[in-house]
Amino acid sequence: MCGIVGYVGPRIATPMLIEGLKRMEYRGYDSAGVALLGDDGVDLRRAKGKIAALESTVATRPIEGTTGIGHTRWATHGAPSEKNAHPQRDCTGTIAVVHNGIIENYTVLRKRLIEAGHVFKSDTDTEVLAHLIEAAFKGNLEEAVTEALNLVEGTYGIAVISSQDPDKIVAARKGSPLLIGLGDGENYVASDVAAILQHTRQVVYLDDGEMAVLTPTTYRVFDLEANDVPKNVNRIDWDLEQIEKGGFEHFMLKEIFEQPQTIENTMRGRLVTEEGFSKLGGLNLTKQEMLDLEHIIITACGTSWHSALIGKLMIEDLARIRVDVEYASEFRYRNPIVDDKSLCVVISQSGETADTLAAMREAKRRGAKTLGLVNVVGSTIAREDDGGIYLHAGPEIGVASTKAFTSQVIALTLLTLKLARLRALSVEKGRAIAQAMEALPAQVQQILENAAAVEAIADRFRDATNFLYLGRGYNFPVALEGALKLKEISYIHAEGYPAAEMKHGPIALIDENMPVVFIAPHDSVFEKVVSNISEVKARGGRVIVITSREEPSLAGKIDFEIRIPETIDMLYPVLAVVPLQLLAYYIAAKRGLNVDQPRNLAKSVTVE
Ligand code: M6R
């Protein structure tokens with residue numbers, strides 16, 4: 001999704017801005033631009049498409065200045081084009097704005113501004129901001145921005161510069177992430193720490209309703225009433241190498257291969273194997289509060305929603321607490337039964353997904369306590385929840401979520417252990433689960449060592465047009481996740497279904513051209529799934545099975561087999577999803593597609 005970067009200091013800002021934009025490419029975008037303060041106002045360069053197009057524009061028509069802002073845009077209002085790319089300027093060409101988010105009342109504001117004589121050059125909602133600031137400007141940029149923002153409804157993360165009040169960036173946040181980077185005689189603003197990590201590790205996160213003014217040597221944070229807000233300076237420990245590809249062809253493949261370490265990292269210091277329980281310091285729930293829990297809602301989107309389905313099965317099975325799983329986008333707009341006896345678990349890799357954040361706020365408003373399972377440290381959900389479990393999976397750059405999913409399942413298992421051991425689960429059963437968890441990193445490694453076998457299967461199916469993914473119990477959500485991975489990066493139509501439900505409709509799709517992936521490890525429903533495999537084979541389907549041991553009952557019924565190690569039922573998703581991630585990856589890569597930035601998708605969906 002959109003990215004913002006800004007610099008104020010003694011250096012020529014252009015290379016730094018372009019570099020910063022490249023670091024955010026993974027978020028997904030369709031145009032890019034930079035604006036710099038020059039002698040005659042604000043100079044702009046913008047281009048539709050990739051940052052390489054912007055670079056060649058800048059090479060043809062160089063642009064220089066020591067105060068500047070840059071942006072990658074993912075279109076919401078107005079098609080991707082040069083005129084709609086950010087930065088957007090006012091009528092005088094002395095004010096430039098970059099903006100993430102949506103100005104909801106822009107139609108009314110635009111009409112009013114046009115009536116007052118302002119001339120619009122783009123179709124964007126953002127341009128309204130530039131004209132509002134122009135109308136309010138009386139010599140001080142932060143005052144004008146404040147006045148403009150008081151007229152605006154919607155969400156924003158913005159950075160603004162003006163040649164009439166130079167050597168300064170004004171930033172503001174409401175509903176769209178923004179942070180300040182502190183340098184030595186220079187300062188930065190960014191929507192994503194990756195954009196500035198090369199230059200500083202000292203950052204200040206802005207919260208909703210806060211603004212900041214940055215000069216080369218100072219920064220000030222205040223609210224929309226101009227009251228100073230004291231802020232902590234945070235140190236970022238992620239390395240740039242962690243954000244880079246590390247020798248793999250794509251971020252997605254690197255992230256799939258990182259899973260032995262990331263699974264370990266999610267468990268580290270939390271699993272007490274002998275006692276069969278987990279230590280989760282950030283829950284902020286007393287023992288009594290956990291015992292009093294009558295209802296849990298888990299809300300999330302996409303892949304995180306799939307891990308939520310697994311969490312429901314675990315918690316209901318072992319802790320015997322009723323769990324509802326809700327799409328965040330649906331939850332926020334209905335009238336859910338949530339009160340102060342409910343715990344709302346919010347799952348999000350990015351911690352910035354607009355629908356998930358809104359669902360969490362809605363649950364809070366209704367009295368529920370909230371618990372965030374989030375990967376990105378310092379993200380909005382992580383800061384606004386009542387308690388949390390960080391995933392510690394490191395930066396996930398590929399748009400298709402992989403390592404975050406396995407870490408989410410691990411975090412949910414830790415939570416289940418905590419709740420279940422307080423209630424019904426014995427030490428022995430808890431210990432058996434903990435031991436099985438400890439074995440997972442090595443087992444995932446074993447699966448990854450067999451990646452070539454998955455690649456060979458991918459080669460056979462690279463031209464398929466449809467896929468079905470079937471599983472039961474804990475592996476039904478894995479079927480959904482396998483199908484989502486394939487469709488989002490390979491653009492092949494894929495559906496996930498409970499294996500037995502297939503008879504009620506999708507079986508009509510099966511013929512000799514239909515690849516059907518069964519997630520069929522040797523668990524409590526294995527025999528049932530074998531019957532479903534027979535039903536597909538009898539209709540000529542091409543069967544790919546993910547299973548965990550040599551099984552005579554499968555003989556003659558399958559075309560391809562991918563073997564995973566054995567574990568307990570509730571942990572099979574962590575192992576079974578890995579070959580599905582690899583299958584999707586290799587098919588997409590063999591089709592020559594942009595695996596890390598699939599069309600129409602953004603890594604972090606910060607609009608509803
Ligand atoms: O950052 P989040 O976990 O909140 O993101 C939720 C979804 O947007 C995300 O999982 C999406 O479905 C991925 N592209 C899946 O690979």
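Counting only lysines at least 8 places from Lys590 when in the same chain, those with an alpha carbon closer than 26 Å to its own are Lys22, Lys50, Lys245, Lys254, Lys403, Lys485, Lys487, Lys603.
When only Cα pairs below 8 angstrom with a gap of at least 6 residues are kept, the chain shows a relative contact order of 12 percent. A compact globular protein would have a Cα radius of gyration near 2.2 N^0.38 Å; the ratio found for the stretch 3-237 is 0.91. By the gyration tensor of its Cα atoms, with a ≥ b ≥ c the square roots of the eigenvalues, what is the shape of the stretch 451-590: rounded for a/c under 1.5, prolate for a/b over b/c, or oblate? Cα axes put the stretch 451-590 in the rounded bin. Take the chain, drop everything but the C-alpha atoms, weight them equally and run the Debye formula without solvent; then report log10 I(q)/I(0) at 0.10, 0.11 Å⁻¹ to two decimals. Reported log10 I(q)/I(0), two decimals: -0.89, -1.04.
Sites listed here are GluC sites (Glu not before Pro) in the stretch 539-591 whose DSSP assignment is loop and whose Cβ has at most 13 other Cβ atoms within 10 Å: Glu550. Excluding same-chain neighbours fewer than eight residues apart, the lysines reachable from Lys557 by a Cα-Cα span under 19 Å are Lys503, Lys528, Lys537.
In the frame of its principal axes, the stretch 210-288 has Cα extents of 53, 50, 19 Å, reported largest first. Across q = 0.18 Å⁻¹, the stretch 250-444 modelled as identical point scatterers on its alpha-carbon atoms has Debye log10 I(q)/I(0) values of -1.22, in the order of the q list. For the stretch 87-144, the list of GluC sites (Glu not before Pro) that fall in a loop by DSSP and count at most 16 other C-beta atoms within 10 angstrom reads Glu104.
I'd like the antiparallel share, as a percent to the nearest 5, of DSSP beta bridges with both residues in the chain. If we restrict to bridges inside the chain, about 60 percent are antiparallel. The alpha carbon convex hull volume per residue for the stretch 380-466 rounds to 175 Å³. The equivalent ellipsoid that matches the C-alpha gyration tensor of the stretch 77-162 spans semi-axes of 17, 14, 13 angstrom, in descending order. For the stretch 250-444, give me the percentage of DSSP beta bridges that are antiparallel, rounded to the nearest 5 percent. DSSP beta bridges in the stretch 250-444 are roughly 10 percent antiparallel. Working note: Cα atoms of the stretch 214-347, range along each principal axis, descending, whole Å: 56, 49, 34. Alpha-carbon geometry of the stretch 159-266: the Rg and the Dmax are 17.0, 54 Å, given in that order. Normalised by the number of residues in the stretch 356-422, the average gap of Cα pairs under 8 Å and 6 or more apart makes the relative contact order 23 percent. With one equal scatterer per alpha carbon and no solvent term, the Debye-computed log10 I(q)/I(0) for the stretch 120-210 at 0.12, 0.16, 0.21 1/Å reads -0.40, -0.70, -1.09. Apolar share of the accessible surface for the stretch 451-590: 49 percent from carbon plus sulfur atoms, 1.4 Å probe.
Rg over Rh for the stretch 359-429 works out to 1.04, both radii taken from alpha-carbon positions and Rh defined as the Kirkwood radius. Expressed as a rounded percentage, what relative contact order does the stretch 250-444 have, with Cα pairs under 8 Å and six or more residues apart? Relative contact order of the stretch 250-444: 33 percent.
Geometric descriptor of the stretch 463-503, per residue, is 49 Å³ (volume of the convex hull of the Cα atoms). Of the GluC sites (Glu not before Pro) in the stretch 164-239, the ones in a loop by DSSP (not H, G, I, E or B) with at most 15 other beta carbons within 10 Å are Glu225.
Over the chain, dividing the summed -39,500 (n - 2.57) contributions of all DSSP H runs of at least 4 residues by the number of residues returns a 222 nm mean residue ellipticity of -10500 deg cm²/dmol. Summing Cβ point charges (Lys, Arg +1; Asp, Glu -1) relative to the Cα centre of the stretch 451-590 gives a dipole of roughly 180 debye. Heavy atoms only, probe 1.4 Å: what % of the accessible area of the stretch 250-444 goes to carbon and sulfur, would you let me know? Taking all protein chains in place, the stretch 250-444 shows 49 percent carbon and sulfur surface. Once you wrap a convex hull around the alpha carbon atoms of the stretch 15-123, what is its projected area averaged over all directions, in nm²? With every direction weighted equally, the projected area is 6.9 nm². Rolling a 1.4 angstrom probe over the stretch 1-144 with all protein chains present gives an accessible area of which 51% lies on carbon and sulfur atoms. Accessible surface for the chain, divided over its residues, is 37 Å² per residue with a 1.4 Å probe.
The values are calculated or read from the model by the stated rules, or taken from the named source; none is laboratory data. A quick note: this is a predicted structure, and the numbers were derived from the prediction, not measured. Here Cβ is always computed from backbone atoms with ideal geometry, including for glycine, and neighbour counts include all displayed protein chains. What goes into the accessible areas is simple: the full protein's heavy atoms, side chains included, and nothing from ligands, DNA or RNA. Shrake-Rupley method; radii C 1.70, N 1.55, O 1.52, S 1.80 Å.
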